[in-house]
Structure formats: structure tokens, C-alpha cells
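Since the structure comes first, as C-alpha cells, the remarks are kept for the end.
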Amino acid sequence: MEHLDRKNHWENIYQTKDLKDVSWYQPTPTTSLDFLKQFNISTTAKIIDIGGGDSFLVDHLLDLGYTDLTVLDISAASLDRAKQRLGDRATKVKWIVADAATFKPTEQYDFWHDRAAFHFLTQEQEIANYIDTIQKSIKPTGVLVIGTFSEQGPKKCSGIEIKQYSETTMTDRLKKFFEKVKCITVDHKTPFDTIQNFIFCSFKKLATA
């Protein structure tokens, strides 16, 4: 999918579907919050949520006292929905409309979180660019957490082909710049009572990267 097509696709979804009518709906992002606890991420840490859309992770992070939050999504409509939900609290968050494949950060982050954005990058150049962007934009002591559909998960999402990963393929893909800390598989129950199997992996930056 070309960049404009991808953007239009997601804008259309967020303009036509309710929050609870999308497969990724998750009132409490337990897995993501558990990774934050595992790494004892400070409330002053710079955190970015890639492909965050109108997910509830930002709500929970604000509730926990995090003060430097950025949410990125290709869809402006998704971010507008999150802002409306948060009300006055939305001013405490930086909102970025951008495609993860071409995003050029202006800051460095302590915690880079990506739940289900990475697996939409299926072209080799896009994947390489994204990983290069992460390694340049994450602090030397930073943590990277990526969640994608596993090899037991769906092959498509919202009508778009995705790239499945296993612990091995995810680790191999990132090993040039990152060392794996931990991988887990998680069953996500959609609002339609179907199960999607995810793999979540956490990484630390290699000292030589």
C-alpha cells in the first residue's frame, strides 16, 4: 500500500467505526503496562506510543503520573478521538500525525512502545527505515517494546496484509542494534469474541549501536 492509500484507509476506519467496533480495542493494556513496571520506567521518562491511535494506554499512563508522553498515529481522526476522550488532560500529551514508516523524531525517548504498528510494515525498506529510526531516537539506556501478530495470529488486520513474527524472527530483525530482554505471547480477545495471538518483545540498545 502506498503512503496516501494507507493514510486514507485508517482515516476512514476511525471516521466510520466506534471505539468498541475495532479488533484492537483494549480497555486496559495490561501487557504494555506490565513491561513499564518490569523496567521500572520513571514517571519523568520520555515515552512514545507508536500507532497509539485512540488506545487507552495514554489514559493509564496519565493516571500513573507520567508527565512526558507522545502518541503518534497515521490517522488524525484517531488522535482527535483520544483528545476528546481525555478532555483537559489531552494538553498534557504531545500528539503527532505521521506514518511510522517515515516518521522522523525530533526527540530521543526512554521508552518506545509499539503495539501492532510494526507488523503493518511489510516492505523491506520500510522495515529497515523504521528500525534505523528507533535506534537513532532511543536513548542509550532506553527500552523498546514491540507487539505484533505472532505466527499463530491473523495474517490480515482491517483488510491489510501484515507481517507475522516469532521470537526468533523479531530478535533477528532487530539484532543489529538491540539485544532481546524478554518475549511473551499473549492472546488478545477482540470485542467480537475472537482470539488474536500476539508476540511482545522487549529490547535494550546494544552498547555498540
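Summary of computed values
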read-out	value
Sole residue being out of contact with any Gly (no Cβ under 6 Å at 6 or more places or on another chain), surrounded by fewer than 17 Cβ atoms within 10 Å (Cβ to Cβ) and small (Gly, Ala, Ser), chosen from Gly65, Gly147, Gly153	Gly65
For Ile134: the one exception among (1) outside any helix (DSSP H, G or I); (2) free of Cβ contacts under 8 Å to residues at least 60 places away in the same chain; (3) under 15 Å from Ile47 (Cα atoms)	(1)
Positions within the range 168-205 being among the hydroxyl-bearing types (Ser, Thr, Tyr), over 18 Å from Phe120 (Cα atoms) and either crowded, with 18+ Cβ neighbours inside 10 Å or in contact with a Lys or Arg (Cβ under 6 Å, 6 or more places away or on another chain) (or both), in sequence order	Ser202
Residues of the range 141-167 classified as at pLDDT below 90 and either over 17 Å from Leu121 (Cα atoms) or of a type outside the set (Asp, Glu) (or both), total	11
Output for the range 78-103, where each listed residue is buried (at least 18 other Cβ atoms within 10 Å of the Cβ), among the small types (Gly, Ala, Ser) and not in a loop (DSSP other than H, G, I, E, B)	Ser78, Ala82
Residues within the range 3-44 that are in a helix (DSSP H, G or I), modelled with pLDDT under 90 and of a type in the set (A, V, I, L, M, F, W, C), tallied	4
Search result, residues across the range 62-91 that are aliphatic (A, V, I, L, M) and either touching a residue at least 60 places away in the same chain (Cβ under 8 Å) or out of contact with any strand residue (DSSP E or B) (no Cβ under 6 Å at 6 or more places or on another chain) (or both)	Leu62, Leu64, Ile74, Ala76, Ala77, Ala82, Leu86, Ala90
Qualifying residue in the range 104-119 (condition: on the phi > 0 side of the Ramachandran plot, crowded, with 19+ Cβ neighbours inside 10 Å and not in a helix (DSSP H, G or I))	yes
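The values are calculated or read from the model by the stated rules, or taken from the named source; none is laboratory data. Computed from a prediction, not measured in an experiment: that's the story for all the values here. All Cβ positions, glycine included, derive from the backbone under ideal geometry; neighbour counts span all protein chains shown.
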